[in-house]
Amino acid sequence: MRTPLIAGNWKMHKGVAETTGYLEELLAEDVPTTVDVLCCPPFTALPAATMIATGSAVHIGAQNVHWESTGAFTGEIAAPMLVEIGITWVIVGHSERRTLFGETDATALARAKAAQAASLEVIYCIGESLEERDAGATFAVLERQTEALGELDPTHLVLAYEPVWAIGTGRTATAAQAQEAHAFLRLRLAALFGGEAAAAIRILYGGSLKPDNANELLRLADVDGGLIGGASLDVRSFSAIIRAAAVCAAGDTL
Ligand code: PEP
């Protein structure tokens with residue numbers, strides 16, 4: 001009942017020319033209609049990306065957004081500016097924003113609220129560090145990170161569980177670790193929004209997801225797609241993950 005979402009977070013990779021070539025190649029393939037597909041290029045490539053993808057099966061998103069709609073915030077981009085160029089999705093609270101750029105639960109929430117107020121769909125990222133997992137604090141961290149999400153509109157919210165120790169490291173959560181965390185998050189969402197709304201919210205797994213492990217992770221009961229960094233940069237591996245998601249959604253195994 002939850003349509004899988006396969007989202008590529010390109011981080012600071014690909015300018016306009018590379019973005020154009022990538023999307024042309026992706027669109028030349030038959031993107032399955034049973035999977036929602038999203039690409040999130042850097043800001044400067046967003047106008048070119050929306051021009052190519054508008055009207056296709058591929059959605060285009062931004063990697064960050066500011067919480068104010070206008071003002072003296074050098075270097076920031078506001079939600080209405082993204083909407084103006086045809087952006088429909090935004091990633092918020094990515095662990096790289098948290099660890100490298102001082103993002104907190106409070107600023108991530110403020111960004112998500114502003115995005116939803118401008119009618120953007122939000123992918124809200126959470127996840128524990130290795131130290132936190134080793135200290136047995138995973139669920140406490142996830143509880144803290146989701147504490148204020150009740151202030152958001154659940155119908156325009158996707159949660160991304162991204163254990164920080166698995167991002168860009170080649171180390172992936174085991175199927176058991178991922179399902180355990182996702183099931184915990186589903187219960188948290190039920191406490192915040194009620195069972196029916198929680199059952200409809202997609203929870204993505206992120207952390208070294210690639211064609212090799214996509215089938216194992218994407219078939220898990222509470223894993224509704226993936227947020228993919230490294231493996232999304234190559235159009236063939238991204239397409240392979242999309243196809244794996246379509247197969248899992250159909251209830252088959254590869
Ligand atoms: C990410 O950046 O959200 C991510 C999951 O990266 P990677 O797939 O490279 O681990």
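Any read-out appearing in this document is the output of simple, stated calculations on the displayed coordinates, not a laboratory observation. Keep in mind it's a predicted model, so treat the numbers as computed, not measured.
The table below lists the values:
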read-out	value
log₁₀ of I(q)/I(0) at q = 0.16, 0.18, 0.23 Å⁻¹ - segment 100-186, Debye sum with one point per alpha carbon	-0.67, -0.83, -1.22
Amide H partners (placed H, <5 Å) of Trp10, local residues excluded	Cys40
Value of D in µm² per second that Stokes-Einstein yields for segment 106-254, Kirkwood Rh from Cα pairs, at 10 °C (1.306 mPa s)	101 µm²/s
Segment 9-26 - phi-based ³J(HN,Hα) in whole Hz, Karplus 6.51/-1.76/1.60, Gly and Pro as x	9, 7, 6, 9, 10, 6, x, 5, 4, 5, 4, 4, x, 4, 5, 4, 5, 5
Pairs of Cα atoms farther than 26 Å apart, the chain, %	34 percent
Stokes-Einstein D (µm²/s) once Rh is taken as the Kirkwood radius of segment 150-216 over alpha-carbon pairs, at 4 °C in 1.567 mPa s	102 µm²/s
Convex hull (Cα only) mean projected area of segment 54-116, reported in nm² to one decimal	4.7 nm²
Over the chain: helical MRE at 222 nm, DSSP H runs n ≥ 4 each giving -39500 (n - 2.57), nearest 500	-12500 deg cm²/dmol
Set of lysines near Lys113 by C-alpha distance (under 30 Å), chain-local residues within fewer than 8 positions excluded	Lys11, Lys14
Relative pair counts by distance (%), Cα atoms of segment 1-120, 10 Å bins	13, 44, 33, 9, 0
GNM flexibility winner over the chain from Gly206, Gly102, Gly170 (Cα, springs under 10 Å)	Gly102
Amide H contacts of Arg202 (H built 1.01 Å from N, under 5 Å, at least 5 apart or other chain)	Leu159
C-alpha center-to-center spacing [segment 44-71, segment 95-164] in angstrom	20 Å
